[in-house]
Amino acid sequence: MPNKKVWIFGLTLALLLLPQPAFAMHIMEGFLPLEWCITWSVLTIPFVFAGFFSIKKTISEYPRTKMLLAMAGAFAFTLSALKIPSVTGSCSHPTGVGLGAILFGPTAMSVLGIIVLLFQAALLAHGGLTTLGANSFSMAVVGPLSAYFTYKLVKKANGPQWLAIFLAAVLGDLLTYVTTSIQLALAFPAEIGGFSVSLAKFSGIFAVTQLPLAVSEGILTVLIFNAIASYGSKELKDLKILSEEV
């Protein structure tokens, strides 16, 4: 089993070796007014604290899931580092938060997400430290929450596992960008039309590339989950993702 875990983890990390275009991502350093940087940071903090307790409890009960937790973080880091040029000089990217939210819950993914964003800001100059709170709220709070509850709703409706995972990843991705658009529209309302016009502009910019990216992320997440289910079914049963009969 340890060799199989290493294989899954290595497969995810191997994606980091793929060629990537160097474009900026997230809300860049110094772009948001100070009051909005503080606001989004304050709103993010409770989810991160809850996530630490959630991770501590999971690891304490099921120590063997540590590798799976690390893989979920690596998956998010890898996908969110893939930048696709959009229009007007902007860019879009997958988020990768759906997988971790499904496996460990939304608040645990908040912790992983903020670590991913912090590393990218500090080491890759993607995003920024002043905008870390805003970027974390969109990608590490709203994205995982959307993915988690989508997954639960589809499962409650007796939908197939693959569909629940696919829709969770897609909506987790899309609602991350909807939130980013809202954040930018609140900070920079249009002179004519205000917030609504600005929101339409920002969301329209990202929609061109984000919609196909979200679908692609959904498909990839299903494939990665199936690989985990094949080689790490015991961990998924511990996390109550798979039944004991599977």
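Odds and ends about this structure:
- Exactly one residue out of LEU184, LEU220 is within 20 Å of MET109 (Cα to Cα) and either within 22 Å of the chain's Cα centre (by Cα) or charged (D, E, K, R) (or both), and it is LEU220.
- Per the listing THR78, THR65, the residue uniquely buried (at least 16 other Cβ atoms within 10 Å of the Cβ), assigned to a helix (DSSP H, G or I), of a type in the set (Ser, Thr, Tyr) and more than 13 Å from the chain's Cα centre (by Cα) is THR65.
- Within the span defined as the stretch 18-37, one or more residues are surrounded by fewer than 16 Cβ atoms within 10 Å (Cβ to Cβ), at pLDDT 90 or above, of a type outside the set (D, E, K, R) and not in a helix (DSSP H, G or I).
- Selected residue (only one of VAL178, VAL222 is in contact (Cβ under 8 Å) with a residue 40 or more places away in the chain and either touching a Gly at 6+ places or on another chain (Cβ under 6 Å) or part of a helix (DSSP H, G or I) (or both)): VAL222
- Sole exception among (1) among the hydrophobic types (A, V, I, L, M, F, W, C); (2) free of Cβ contacts under 8 Å to residues at least 40 places away in the same chain; (3) crowded, with 19+ Cβ neighbours inside 10 Å for ALA122, by number: (3)
- Test for LEU129: is it in a loop (DSSP other than H, G, I, E, B), closer than 25 Å to ILE55 by Cβ and aliphatic (A, V, I, L, M): yes
- Cβ-Cβ under 8 Å pairs, at least 6 apart or on other chains, the stretch 134-161 side in a helix (DSSP H, G or I), far side surrounded by 19 or more Cβ atoms within 10 Å (Cβ to Cβ) and acidic (Asp, Glu): GLY143/ASP173
- Of all residues in the stretch 202-235 being at pLDDT below 85 and of a type in the set (D, E, K, R), the one that is nearest to LEU171 (Cα to Cα): GLU235
- Tallying residues that are over 29 Å from TYR151 (Cβ atoms) and touching a residue at least 12 places away in the same chain (Cβ under 8 Å) within the stretch 181-200 yields 2.
- Whenever a residue of the stretch 162-175 is over 21 Å from ALA227 (Cα atoms), its partners that are among the polar types (S, T, N, Q) and modelled with pLDDT of 95 or more, lying with C-beta atoms within less than 7 angstrom and at least six residues away or across chains, give the pairs LEU171/SER146; LEU171/THR150; LEU175/SER146.
- Hits in the stretch 181-200 (condition: part of a helix (DSSP H, G or I), more than 19 Å from THR44 (Cβ to Cβ) and out of contact with any Gly (no Cβ under 9 Å at 6 or more places or on another chain)): GLY194, PHE195, SER196, VAL197, SER198, LEU199
- Test: GLY172 is of a type outside the set (S, T, N, Q) and not in a helix (DSSP H, G or I): no
- The test for being touching a Ser or Thr at 6+ places or on another chain (Cβ under 6 Å) and surrounded by 20 or more Cβ atoms within 10 Å (Cβ to Cβ) holds for ALA169.
- Residue within the stretch 99-121 that is of a type in the set (Val, Ile, Thr) and not in a helix (DSSP H, G or I) present: no
The values are calculated or read from the model by the stated rules, or taken from the named source; none is laboratory data. As the structure is a prediction and not an experimental result, all values here were calculated from the model. Note that each Cβ is placed from the backbone with ideal geometry, even for glycine, and that neighbours are counted across all protein chains shown.
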